[in-house]
1. Can you tell me the alpha carbon radius of gyration of the stretch B:659-775 divided by the globular rule-of-thumb value 2.2 N^0.38 Å?
2. Between the stretch B:119-135 and the stretch B:453-468, what is the separation of their alpha carbon centroids in Å?
3. I'd like the Kirkwood hydrodynamic radius of the stretch A:117-161, using the inverse of the mean 1/r over distinct C-alpha pairs, in Å.
4. For the stretch B:342-353, just list the computed ³J(HN,Hα) in residue order, Karplus coefficients 6.51, -1.76 and 1.60, θ = phi - 60°, integers in Hz, with x standing in for Gly and Pro.
5. Taking every pair of alpha-carbon atoms in the stretch B:715-757, give the share separated by more than 15 Å as a whole percent.
6. Looking at the square roots a ≥ b ≥ c of the eigenvalues of the Cα gyration tensor of the stretch C:1-129, which shape do they give, rounded for a/c under 1.5, prolate if a/b is larger than b/c, or oblate?
7. What ranking do C:60-72, C:44-56 get when scored by the average of other Cβ atoms within 10 Å per residue, highest first?
8. Which value in deg cm²/dmol, rounded to the nearest 500, describes the helix-derived mean residue ellipticity at 222 nm for chain C, given -39,500 (n - 2.57) per DSSP H run of n ≥ 4 and division by the residue count?
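No lab work stands behind these numbers, since they all come straight from the coordinates. All figures in this text were calculated on a predicted structure; none of them were measured in a lab. As a convention, Cβ positions derive from the backbone with ideal geometry for all residues, glycine included, and neighbour counts pool all protein chains shown.
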Amino acid sequence: MTTYHLTVNGAPAEVDVPGMRRLLDVLREDLALTGTKEGCGEGECGACTVLLDGAPVDACLVPVCQADRGDIRTVEGLAAPASSPGAPAALDPLQAAFLVTGGAQCGICTPGMLMAGRAYLDAGGGPDHDAIREAIAGNLCRCTGYTKIVEAIALVAGAHP
Amino acid sequence: MTTRTESLHALVVAPGTIAPGRVRPAPPRRREGPAKLTGTALYTDDIVVPGAWYGATLRSADPHATFIALDLDPAFDWSRVCVVTAADIPGENVVSSIKSDQPILVPIGGTIRHHAEPLALLAAPDRSTLREARGRVTARTVALPGVFDPLESDHTFASYTIGAGDDIEAAMARAEIVLEGEYRVGHQEQLYIENNAMIAVPTEGGGVTVTGSLQCPYYLHAALKRGLGLDDAAARVIQAETGGGFGGKEEFPSVIGLHAALLARKAQKPVRMIYDRHEDISATTKRHPAIVRHRTGVTADGRLVAQDIEIIMDGGAYCTLTPVVLSRGALHAGGPYRCPDVRIRARATRTNTPPNGAFRGFGAPQTEFAAEVHLDRLAERLGLSPLDIRRRNLYHPGDITPTGQVLRDSVAAEEVLERAAEASEFVRLRARTADARRRRAGSGSLPGSALRTDRERRASGIGLALAWHGAGFTGSGEIKLASVASIELTADGRVRVLTAATEMGQGTNTIFPQLVGEALGIPDDAIDLAPPDTAEVPDSGPTVASRTAMVVGGLLIKAARRLRGTVEAATGGSFAETAADYARQHGPTRIDQKFEPYPDSTTFDDELYRGDAYPAFGWAACVVQVDVDLDTGEVQVNEVVAADDVGHVIHPVLAEGQVEGGTLQAIGYATIEEIKLRDGRYLNDRLATYIIPTALDAPRISTILVEAPFHAAPHGAKGIGELPMDVGAPAVVAAIADATGVWITDLPASPERILAALTGRPDVAGPRPGESEPALPPAR
Amino acid sequence: MSPVEPPVTSPTDLAAAYAALADPVSAAGRARPIAGGTDLMVALTGELGAPPATVVDLWRLDSLRGITLDGDVLVLGALTTYTDIRRSTTCGEHLPALVQAAMTIGAAQIQNRGTLGGNIANASPAGDTLPVLLAADASFILGSVRGEREVPAEAFWTGYRQTALAPDELVLRIRIPLRSGREMRFRKVGTRRAQSISKVVLGLAWRDHGEMPDTTGPPGAWRDVRLALGSVAATPIRARATEAVLEGRFPTPETADLAATTLADELHPIDDVRSTAEYRRLVAARIVHRLIREAGGW
């Protein structure tokens, strides 16, 4: 066991765990952030995509020792916290766009898809559909055919040229 | 790089049957959308259950064997874990389904019928103990010879004959041209992104509550009652948020749910059974592989005279839902075309491979693929365009299907075909691709050697396909099922919907409040949904067969109308304004609406396969544009126009989502999704080897929603979920043929098969679906 | 099955990393270095072979990062990620084929973590950068407590997932000589358009006679031809018989036919879960035919 110091969604978090524990398990089990999903455990589906120092990574492929001192963003960190108890969270524009276009169906790929899309937008990505498709090519979705996900990301990218 | 410009909204076409100028309010947002988008929706593996143990399944390594003994290493302290064998099963050792042939666990002395067959269960308080225990258990078996080719099997799960019987030869003799063909399709994995998962919690008095990822709470409920010997109340099933199903969580959850429950009951601990992807692909059901043979007689001007169709499906080791899958496959096997004499003979056999089961389309994608490709080949032989041969034969109102069903209303074959052809500019583009193909053939640059490339590397092609899909259950299924859906006006004046129809991404949670709200004259967000819990909701049937919107939605509308009538008769005011007062005075009011046969329908004869096979059919057309790399056989699907008739569009965004998602699943089926087998074991048993389309593989999909209402349903809606699955694959294969001039008869139309056809080198393609793999080459 | 969590050390300098790898446990051959983790993390379930007993985490060894020019040699640190390669103007200018290869690996998530050194040391026959490195006459600087040594790429992969690395040795840097007039082409035929593992992957390099100041003879003839392929044998390989028939020839139809035929005879791929032996053989030959056709402009 070693103590690792992470920043998760802007807040410091210390975990005392084996260094080879997958960042995915640290998030889901040690930090109870179950928004990040496991779809395959081998970096194929992207359901566990989180941002590590701003870059999308598969949390199933990152041992926590490599995330030490890292800045981690998960789906739980996208929406602004509710202004008062019981009030709805203020959705990130990308989350709102998914709701409008129908980008989420079963929802299991959605957290990872949102993080890949967020990284694309944060890097200044535009509404070009091919570029968006490349940015989310590491995230498998079986429900949507991707069309409405691409539309959602393009909607946000187009709103902030 | 070209820029895609995808429109945000599909074109919703209202044909003459819909009142012109009808105003559609903006559709509501997906009800559980915010929870899914913020990561707060709880899928099974997200649920924290204090003190829960971890469960695992010990599986066979043999495809066919006798189970002699389960050896537990005496050096291991077995008091630390829970071991369940067949001897621990309190009820019947049967996974409840159509037949009683599948054991929950193979008993000692019993027969192992596939390589992933469950032999024993383990649970431990932590994962490392579980891992250690797994390493200390050995199954002793004696191998038996396996049967892997469905054509060589001597055990038939089901067989049907539809239509003309022996008269088919006389009919065929009247044809001017007869064409034969054999088409094969392999397994397809549903590949929901959430793996199968269940958590079982023992309850007082020997009962068990199972929470999990599933489509049909009452299927698992029945399985628990039978396998654990429980009564209705002691067995309780709750659906957690479910990360996709597509049929893969229709009947399989009974297996994993029983396993979790048996462990929980014996350990007297909550038990989590969470499959990883490898186990999920290795052990759970797939789309049935099929061999479909067509012999078709036509007139010289391309009118169908006789169809003789033979279907052989591979059921895998156990029956599961195979008879119904085969039935649907057979009923759709002729395609949406009138033909005076049709004979369809279908059978499904047993092999020593994991059981196959439900998957979106349910038998129809296999047989309609064959029907469409065969029709295209007929058209080519006759010199007709794919559009014209369909125009000449497609069903119109009044036509009669092979079971003798008269298609009275809601027949939109022509409409979907013409809309898709028009929107995709099929005729113009096909003229262009045909010119290009002729130019290549006439350029003198024909390779002459399989090792030599042509001058042009890429070939474009366009193809179309047309399909029908029976809406809801086959034949008398709904009457036998007698589903119930309920609406409650609670004491505090809220309206609550109670059904066992589940949300798995398709939009149940969103459309039910829409339908009920409209019927009651109140906003959809004033309506609550009861949790999908067998302790609370009635059995409104399984969430399958594209029946949720049509059948359960229809029941809810009827229930809502009854509730509205009751309230308004008592209060004299509108439901919206007086329901709360009514509730205060009368207490809670609940309306249970039971399924009633649709008027004017002919009973289906399950023995003779005559009568109305479905209350109505949905219709779908699809036009696909591809580029084929002539050097490698790689296919890029660029554009798809999908026109689907769903009767009545309840929610355009969700409806488009169904079409887009189903279309991409069909394209994956057509191009890259493949399971190779060796000795009955799937070789593509991980997500690194079972390949589905990424966003870069996916085409731009334009959806046209057509509405030809089904008048017997109160809202006119028919199913939508499965329709797009039937048309994608044959359209892709037609487009490949348009590009290259070669017909691929097996799915997937892989680069290997395409290059084999292009170069005349069958060894490039590898084995056909159903053929055994050659012996294992040396490891590398 | 759930992943194991073996003990790990995260050294921050090479000496400590060498020491960790030279630990007696490592001498048993079971301590494994982890770089970006895209291969090793998948092995933790134990379903694809024995999981590592102990792990040495290389991620903090910043001296193994960076892309530089050392005279006429392009030098890449072993921890250079595929994303680093894609973003590198130096790579783009001097070895665009490597950038192309990096672009075909996984997708963003994998490219952000997967490293060139990892691709080399993992020694998969399907490693997508490996044919480029072979065709570019790359060599690898290996390091251990015993010091550093240089091994040419063509001597590095010794068998199926076997390398010239000693159990306690690391790949430190990749050195690629930049040769005037060198053309290189990269092609990958994968299972799909992203997240794709190759069925055939190849790099073809040659120097155009006319661009070479140190030789005489007609311009346009090919010299120093290198044809390297992945996914067609137990290791990434060079197709030496095909290279030999291309050497000194012009990219004519006859040359293309000869090269394709020679290559088809020279390759002995196998059937596996991703493709067939005959597909691989045929497609490799057809791609080479195409590349010669394109170079010849006919």
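1. The value comes to 1.31.
2. Taking the Cα centre of the stretch B:453-468 as reference, the centre of the stretch B:119-135 is 52 Å away.
3. About 10.4 Å for the stretch A:117-161.
4. Each residue of the stretch B:342-353 in turn: 10, 10, 10, 10, 10, 8, 10, 10, 9, 10, 8, 10 Hz.
5. 48
6. Cα axes put the stretch C:1-129 in the oblate bin.
7. With the highest mean Cβ count within 10 Å placed first, the list reads C:44-56, C:60-72.
8. -8500 deg cm²/dmol
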